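The values are calculated or read from the model by the stated rules, or taken from the named source; none is laboratory data. The shown structure was predicted, so the numbers you read here are calculated from the model rather than taken from an experiment. Note that each Cβ is placed from the backbone with ideal geometry, even for glycine, and that neighbours are counted across all protein chains shown. Surface accessibility is based on the protein's heavy atoms, side chains included, excluding ligands, DNA and RNA. Shrake-Rupley method; radii C 1.70, N 1.55, O 1.52, S 1.80 Å.
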Amino acid sequence: MTPPVRPRLLLIIGVLAALLALAGAAAAGNGGFGPTSPASPNAEGIATSFWFVTALVLGVFLLVESLLVVFVVRFRRRKRPRDADGPQIHGSNRLELAWTAGPVLILFAIAVFVFAKLPGIIDSPDATASGGPLRIEVVGHQFYWQFRYPNGVIAIDRMRAPAGRPVVLDVTAPDWDVNHSWWIPRLGGKIDAIPGRMNTTWFRANEPGFYEGRCAELCGAFHAKMLTGVEVLPQADFDEWLTTAFSAQHQADPALGRELWEGVCAKCHGLAAEGGYGPTLAAATLTNRDALETVIRNGRALPGRNVMPSVGRDWTAAQLQSLYAYLEAEFGSQG
Amino acid sequence: MASWLVTVDHKRIGILYLATAGLFFLLAGVLALLIRIQLARPDQSVLTGDSYNEVVTMHGTAMVFFVVVPILAGLGNFLVPLQIGARDMAFPRLNAFSYWLFAAGGIVFALSFFAQGGAARTGWTAYPPLSVLSPGNGQDLWILSLHLLTVSSLAGAINFIVTIHNMRTAGMSWMRMPLFVWAIEVYAWLLLLVLPALSAGLTLLLLERRFPGTFHFFVPEDGGSPVLYQHVFWFFGHPEVYIMILPAMGIISEILPVFSRKPAFGYKAIALSTVAIGCFSMIVWAHHMFTVGLSNYLNAWFMVVSMVIAVPTGMKIFNWLATLWRGNLSLDTPMWFAIGFLSIFTVGGLSGIYLAAFPIDWQVHDTYFVVAHFHYVLFGGSLFAIIGGLFYWWPKMFGRFLSERLGKLTFALLFVGFNVTFFPQHMLGLLGMPRRIYTYSEGGLWQAYNMVSTVGSFLMGVGVLVFMLAIARSRTGRRAGNDPWLGDTLEWYTTSPPPPHNFDTVPYVTSARPLSDLRRSLKERSAL
Ligand SMILES: [Cu+2]
Ligand SMILES: [Cu+2]
């Protein structure tokens, strides 16, 4: 076998394998080789930028790795003595210039592309026929997400939003809480929820459906359980949900109470109050409104163990009433 | 034995650093395996949320502060005086002081597992408000251990700088300095410039934790800013990445020419790009903060300067490739690790471009994509270079070789295991898996990639065991002469191991490769 044949063969095999793997991945719905199917213009802008960078990066990757393989195969010692010197080349200004200019051009292209895509990613589209953008306040708490709609309706962990209409999110965390990060991968990039700071982001979901998301910034023991999601409804269904919730949440609303129990309390205390990370809660405790309010508003430091955060320091009276109503219906009869 | 406790010999201190950091490497490695066991399948409960957070925090902190940085300090200690033809470091007792402070910090760090409330559990970045509100004393001990460590590293950095500036042997001008020494020079300057920022940030954190009514730096209830901490931390944190990678690149720049029988291609370009990377590394920190909601003008600035760093980095990679070109490559273990470094570090460098482009970072930030990226840089990069360096300099340190057979096996296991562990993590991140979550419920691809990653991590575990076996066997390994690899630099001029005073005489240095000059003139003389 003549020496130059094998490296070329190796190179060809390597390139083919890489292309095959990529084609396979693309066929299988990308399998994590790119951002998961974007469903909002900002997510699409990010995904396009991603693929643009990938095209260039893949080229550099193949160049470097194949040169490496070829050189190692081609210039390995074989029968030469260990001390046989190679040609004493100290460098080349022309080559230095080439591999400075090459990366500069590639990076320049990436920067230009990303900046061109930027407005489509950061600017929410203007009002459409279906009305102006909907503004929702998103507040990250240990360990739940609270959403507040313009008419005061509150939802926990599961956001409802209309399809086809821009939704602007004001994302923050209470002053006494910790950092979180709002992230629905298919509806755009993430934005941190930071105490004392108001950030905004937006999305416009093209299709109704459920879009999963998670808290992306370490926020304590239940960081992994800060799941969330956006349920995108047709505009009419969304309007109906919002008005129904509005009238229900004016008084004690067991439906909201249930959301609060499941999203806020049960992650630590268990769905049936059986205990878990937090202690078991007796029915008597769960129906004692005064004691409940104190603990929900102020949290609790358990000596030698963990601190219960003041999960509901900023809850409205209606929120508390809703929780009481749910708890009394659920646990009251046992007591 | 007792003589090791009171030693001020740079070579012994270097070996003490390496041994201590080696223990921490094993500890941090076990923690990593715990993480991979917990995440191997959905909904496991090997660890709880709290204990997982402790494990993640201690793994990251240990690998950065108690493994990679001190190993480099150890190699630097052993090699810098030898490579510049000096008798010792400029301040031998300060040198011993650095090591013992590091050891004290390490003891505080290891014992913090037994603190009231357990070890620190807010990530190696310790972002407030979480790190201020986190109960127990683990976080306080974590801060104390890093305070000890920063003082140790500062003293060490000053020592390196003074040594390199003043104690180079006759004829060794800056442009004749070994590339590893160049890297340690920049490493030391970076430590000196950015560690005080870390110390200051940690001091503020400690004050706010212990005197919550009095100090309000980071918790917004009384006017503090959580973002301020992030600026301070990353002003230190990004250069820290280069503190960990530049000396590793220095090692590569030593190994490649020797095992290719060629001079380093573009010596000047490699040396100056090290300096350029060091300078630029101090103005890119907010690329870790693209999701904080800074102004997009700031984001754009930090994106562009982060990309600029890719240019000198790429330059190095191409210069190394050109060093291989037309060489006479001896594929011994150090060379395999250098080749592994080149192939893996390239991936880590390229995935960094996604993170620098801030809109893309909004998608991949704080996910397993980032975890994959920095392991490609720090494990496949720094640690591969370090292990290669250990195989290369072991004969000089102890007068005996590490087994070539076990060395190649170590390399094969680590190289395959590394890629199997970390490559799928890119995909996990893009699928939506955030970092630092202790469990997940998703099946399908999440489960598959996580399982693959866990299998790979155990392959690496076996690789580390084989490496330890090689170390254990080296007590009776093949004996090495002064210059077993036909090296270029002055450490190969003296005996293996070198005598306490290092050199009886040092040849006058006329190029960056004094030993190859010497060999050539000997050959010419014998030809006459
Ligand atoms: Cu969170
Ligand atoms: Cu950085």
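Using a 1.4 Å probe on protein heavy atoms only, how many Å² of accessible area do A and B hide from each other, summed over both chains and rounded to 100? Please list the in-between numbers first.
Details: alone 19170 and 20630 Å², together 32090 Å².
That pair of chains buries around 7700 Å² in total.
Any chance you could look up the accessible area of B:LEU518 with a 1.4 Å probe, heavy atoms only, rounded to 10 Å²?
Near enough 60 Å² of accessible area.
Please give the Cα centre distance for the range A:262-302 versus the range A:211-247, rounded to the nearest Å.
23 Å
So how strong a dipole does chain B carry about its Cα centre when Lys and Arg Cβ are +1 and Asp and Glu Cβ are -1, to the nearest 20 debye? Intermediate values should be presented prior to the final figure.
Numbers: 31 positive and 23 negative charges, 373 e Å.
In debye, rounded to 20, chain B gives about 1800.
Restricting to bridges with both residues inside the protein assembly as shown, how much of the DSSP beta-bridge set is antiparallel, in percent to the nearest 5?
70 percent
If the reach is capped at under 24 angstrom between alpha carbons, list the lysines near A:LYS267, excluding any in the same chain fewer than eight residues apart.
Correct list for A:LYS267: A:LYS190, A:LYS225.
Work out the charge dipole of the protein assembly as shown with +1 on the Cβ of Lys and Arg and -1 on the Cβ of Asp and Glu about the Cα centre, then indicate which of B:THR454, B:GLY388, B:LEU192 is farthest towards its positive end.
Farthest towards the positive pole: B:GLY388.
Below 8 Å, C-alpha to C-alpha, sequence gap of six or more: please give me the relative contact order for chain B in percent.
Worked out over chain B, it gives 17 percent.
Could you work out the mean projected area of the convex hull around the alpha carbons of the range B:40-125, in square nanometres to one decimal?
Working: hull surface 31.4 nm².
It is 7.9 nm².
How much of B:LEU414 can a 1.4 Å solvent probe reach, expressed as accessible area in Å² and rounded to 10?
0 Å²
When only C-alpha pairs under 8 Å and at least 6 residues apart count, what is the relative contact order of chain A, in percent?
On the way: 516 pairs, mean separation 46.8, N = 335.
Relative contact order comes out at 14 percent.
Could you rank the peptides B:23-30, B:494-501, B:301-308 by their average count of other C-beta atoms within 10 Å per residue, with the highest value first?
Numbers: B:23-30: 17.5, B:494-501: 15.4, B:301-308: 20.6.
In decreasing order of mean packing, B:23-30, B:494-501, B:301-308 become B:301-308, B:23-30, B:494-501.
Hey, can you list the DSSP H helices of chain B whose Cα span along the axis is 30 Å or longer and whose average Kyte-Doolittle score is at least 0.0?
Details: long enough: B:10-39 (42 Å, 1.55); B:138-166 (42 Å, 1.02); B:179-210 (45 Å, 1.57); B:226-260 (50 Å, 1.09); B:296-324 (43 Å, 1.11); B:333-356 (34 Å, 1.44); B:404-431 (41 Å, 0.94); B:444-473 (44 Å, 1.33).
Helix filter hits for chain B: B:10-39, B:138-166, B:179-210, B:226-260, B:296-324, B:333-356, B:404-431, B:444-473.
Taking the C-alpha atoms of the range A:134-248, how large are the radius of gyration and the largest Cα-Cα span, Dmax, in Å?
13.4, 39
For chain A, what is the calculated [θ] at 222 nm in deg cm²/dmol (nearest 500), taking -39500 (n - 2.57) for each run of four or more DSSP H residues and dividing by its residue count? Mind showing how you got there, number by number?
Details: 9 runs with 141 residues, N = 335.
After summing the helix terms and dividing by residue count, I get -14000 deg cm²/dmol.
Given the C-alpha centroids of the range A:156-183 and the range A:61-85, what is the distance between them in whole angstrom?
54 Å
Can you bin the range A:203-332 into rounded, prolate or oblate? Criterion: square roots of the alpha carbon gyration tensor eigenvalues sorted a ≥ b ≥ c, rounded for a/c under 1.5, prolate for a/b above b/c, oblate for the rest.
Oblate, since a/c reaches 1.5 and b/c is not below a/b.
Could you tally the net charge around B:MET167, taking each other residue with its Cβ under 10 Å from the Cβ of B:MET167, Lys/Arg +1 and Asp/Glu -1? Spell out each step's value before the answer.
Details: positive: B:ARG87, B:ARG168; negative: B:ASP88.
With Lys, Arg at +1 and Asp, Glu at -1, the net is +1.
Kindly identify chain A as rounded, prolate or oblate by the Cα gyration tensor criterion: order the square roots of the eigenvalues as a ≥ b ≥ c, call it rounded if a/c is under 1.5, otherwise compare a/b with b/c, prolate if a/b is larger, else oblate. Working shown, then result.
Details: a/c = 3.07, a/b = 2.13, b/c = 1.44.
Judged from the Cα gyration tensor, chain A comes out prolate (a/c at least 1.5, a/b above b/c).
How shielded is A:90-98 by partner chains, expressed as the average number of their Cβ atoms within 10 Å of its Cβ atoms?
On the way: counts 9, 11, 5, 3, 0, 6, 9, 0, 1.
Taking all residues of A:90-98 together, the mean is 5.
When Lys and Arg each count +1 and Asp and Glu each count -1, what net charge do the other residues less than 14 Å away from A:ASP157, Cβ to Cβ, add up to?
Once positives and negatives cancel, what remains is +3.
So what is the 222 nm mean residue ellipticity for chain B from helices alone, if each DSSP H run of at least 4 adds -39500 (n - 2.57) and you divide by all residues, rounding to the nearest 500 deg cm²/dmol? Each step should come with its number before you reach the end.
Values: 18 runs with 353 residues, N = 528.
The helix contribution divided over chain B gives -23000 deg cm²/dmol.
Roughly to the nearest percent, how much of the accessible area of chain B is carbon and sulfur, given a 1.4 Å probe? Please report the intermediate quantities before stating the final value.
On the way: 11740 of 16810 Å².
On chain B, the fraction of accessible area on carbon and sulfur atoms equals 70 percent.
Provide, in order from the shortest bin, the percent of all Cα-Cα pairs of the protein assembly as shown in each 10 Å bin, continuing until the bin that contains the maximum pair distance.
2, 12, 21, 24, 18, 11, 6, 3, 1, 0, 0
Excluding residues fewer than 8 places away in the same chain, name every one of the aspartates and glutamates whose C-alpha is closer than 17 Å to that of A:LYS79.
B:ASP332
Accessible area per residue, 1.4 Å probe, Å², for the range A:254-334: what's the number? Numbers along the way, then the final one.
Details: 3960 Å² over 81 residues.
The answer is 49 Å² per residue.
With labels modelled as points extended 7 Å from the Cα through the Cβ direction, what inter-label distance (nm, one decimal) is found for B:LYS408 paired with B:SER45?
4.9 nm
Taking +1 at the Cβ of each Lys and Arg and -1 at the Cβ of each Asp and Glu, which of A:GLY299, A:ALA283, A:HIS269 sits farthest along the dipole of the range A:254-334 towards its positive end, judged by Cα position relative to the Cα centre?
A:GLY299
Shielding by partners for A:175-181, please: the mean number of other protein chain Cβ atoms within 10 Å of each residue's Cβ. Could the numbers behind the result be given before it?
On the way: counts 7, 5, 5, 11, 8, 1, 5.
Counting Cβ atoms of other protein chains within 10 Å of each residue's Cβ and averaging gives 6.
Please give the net charge around B:VAL232, taking every other residue with its beta carbon less than 15 angstrom from that of B:VAL232, where Lys and Arg add +1 and Asp and Glu add -1. Could you put the intermediate results ahead of the total?
On the way: positive: none; negative: B:GLU208, B:GLU240.
For residues surrounding B:VAL232, the net value is -2.
What does the C-alpha gyration tensor say about the overall shape of chain B? Classify as rounded when a/c is under 1.5, otherwise prolate if a/b is larger than b/c, or oblate.
On the way: a/c = 1.63, a/b = 1.50, b/c = 1.08.
Here chain B falls in the prolate category.
What part of the accessible area of chain A, given as a whole %, is carbon or sulfur when the probe is 1.4 angstrom? Working shown, then result.
Details: 9420 of 15280 Å².
Exposed carbon and sulfur together represent 62 percent of the surface.
Using DSSP H assignments, which helices in chain A have an axial alpha-carbon span of 27 Å or above and a mean Kyte-Doolittle hydropathy of -0.5 or higher? Write down the numbers at each step before the final one.
Working: long enough: A:5-27 (33 Å, 1.97); A:41-74 (49 Å, 1.65); A:93-122 (42 Å, 1.53).
Those that clear 27 Å and a mean of -0.5 are A:5-27, A:41-74, A:93-122.
Within 10 Å of each Cβ in peptide A:53-64, how many partner chain Cβ atoms are there on average? Round it to a whole number, please.
On the way: counts 7, 4, 0, 2, 7, 1, 0, 7, 6, 0, 3, 12.
What the average comes to for A:53-64 is 4.
Which peptide among B:73-81, A:48-56 comes first, and what is the full order, when sorted by highest mean count of other Cβ atoms within 10 Å?
Ranking, from highest mean packing down: B:73-81, A:48-56.
Find the centroid of the Cα atoms in the range B:89-129 and in the range B:420-495, then give the distance between the two in whole Å.
Using only Cα atoms, the two centres lie 24 Å from each other.
Once you keep just the Cα pairs under 8 angstrom separated by 6 or more residues, what percentage relative contact order results for the range B:351-480? Walk me through the numbers before you get to the answer.
Numbers: 146 pairs, mean separation 48.6, N = 130.
Relative contact order comes out at 37 percent.
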